[in-house]
Amino acid sequence: MGSRLKILLLGDYSNCQRTLATGLRRSGCDVTLISDGSSWQGCQRDIDLSRRPGKLGGIELYARLSTTLRRHLKSYDIVSIHDPNFVSLRPSLLKNVFDRLRRDNGAVFLNAMSSDLPFLDMLAAKDCPLAYSEWFTAGQPARLFVQNREEWDQWHTKAMADYQRHVYDHLDGAVAVLYEYYLGLERALPADKIAYGGIPIDMEAFDPVDLPQDIDRVKLFLGRDRSRMLVKGSDLLEQAAKIVVGRHPGRAELTIVENRPFDEFITLLKSAHVVLDQIYSYTPATTALMAMAYGLNVVSGGENDFYDFIGEKDNRPVINAPIELDRLVETLDSVVMHPEAIAERGRRSRSFVEKHNECEKVGRRYLDFWSDKISH
């Protein structure tokens, strides 16, 4: 059944759905990707869904979805939206588009790859299974919540809550790209309507870097979105890295890049030995996995809970990032002071991605789940 499926991937974050499309196409599927290219990242897509700023931009986008783009939004076996807010419109208009997708296509699934209301409510719950996140630590508000309470409140307006509840009530199922998002889905949908897919990585696009066995100066690399520094903890990563470089000026250096287009960014990654990704995740996400595909070291989410969840017992190469500054400094200091471990950790990193995140393998997980749901 999988090779005959006609699939629409609607929306994208950090090239995730585009790479999923690559894996699905290699399995023989007919795939169309419609997105805004992840905004400033400029990711490739088949049909552009960009919006101009302001109220008039929203009106224009909704008009396009209702006229010139409408024929591209129907007659698919499967539609996979990347987020309940899969286009940049207010909830009432989003609901109209979502209901049209339901009516005009075979099945609609969520590809859970970002924060939404059920996930955020899990983070705020007293019985949250995660000890920390960007929003809460040990059940208490973290920096992001304290400094961006308005954003939290916007997620919980009646209009947004009603819309997101409507989406979850009418999905045919959902697949999570991260362990954390799977935990959120568990609370929002029945067990038979959720699955774990993982983040797809096109290994053919990442020729392995040959890291030297003897490294005189460890190259640390921090690539970030300035608007999401509190979300990723990249401000603390910068602070910790500068402390370590200051301690060992001849043994380490730090490069920081911000808001670079996707294709440029993945090229810049290759210059590093160690990529500093984020601190609040349990899981290596897109940037970390791309760096690992090159055979680089990454400082990111690498909790044992995640490895246990995916059944990985032997190869756990991610340098797990603590959320406290002093422990983060200690972690980076140890990396810099033991450069002899970098090359082997890099080889294990690439092997990890080949095993768990190669885009055809991930695509088959999606196909198996989707096919099972639409066959019942």
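The values are calculated or read from the model by the stated rules, or taken from the named source; none is laboratory data. Keep in mind that what you see is a predicted model, and the values were worked out from it rather than measured. Cβ: placed from backbone, ideal geometry, glycine included. Neighbour counts: every protein chain shown. Protein only, heavy atoms only, side chains kept; ligands, DNA and RNA dropped before computing areas. Shrake-Rupley method; radii C 1.70, N 1.55, O 1.52, S 1.80 Å.
Figures for the structure shown
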| item | result |
| --- | --- |
| Filter result for Leu117 (over 23 Å from Gly173 (Cβ atoms) and not basic (Lys, Arg)) | no |
| Matching helices (runs of 4 or more DSSP H) fully within the range 152-262 where at least 1 residues are in contact with a helix residue (DSSP H, G or I) (Cβ under 8 Å, 6 or more places away or on another chain) and at pLDDT 95 or above | 158-170, 179-188, 234-247 |
| Residues satisfying the stated conditions in the range 87-127, i.e. in contact with a strand residue (DSSP E or B) (Cβ under 6 Å, 6 or more places away or on another chain) and either within 16 Å of Arg165 (Cβ to Cβ) or polar (S, T, N, Q) (or both) | Arg102, Asn105, Val108, Leu110, Asn111, Ala112 |
| Selection count, the range 168-204, where residues are touching a Pro at 6+ places or on another chain (Cβ under 6 Å) and open to solvent by less than 10 Å² (accessible area, probe 1.4 Å) | 1 |
| Qualifying positions in the range 234-262 - among the hydrophobic types (A, V, I, L, M, F, W, C) and open to solvent by less than 50 Å² (accessible area, probe 1.4 Å) | Leu236, Leu237, Ala240, Ala241, Val244, Val245, Ala252, Leu254, Val257, Phe262 |
| Condition check for Ala240: among the hydrophobic types (A, V, I, L, M, F, W, C), without any contact (Cβ under 8 Å) to a residue 40 or more places away in the chain and under 30 Å from Pro129 (Cβ atoms) | no |
| Helices (runs of 4 or more DSSP H) wholly inside the range 316-376 that include at least 3 residues being open to solvent by 10 Å² or more (accessible area, probe 1.4 Å) and of a type in the set (Asp, Glu) | 325-337, 359-375 |
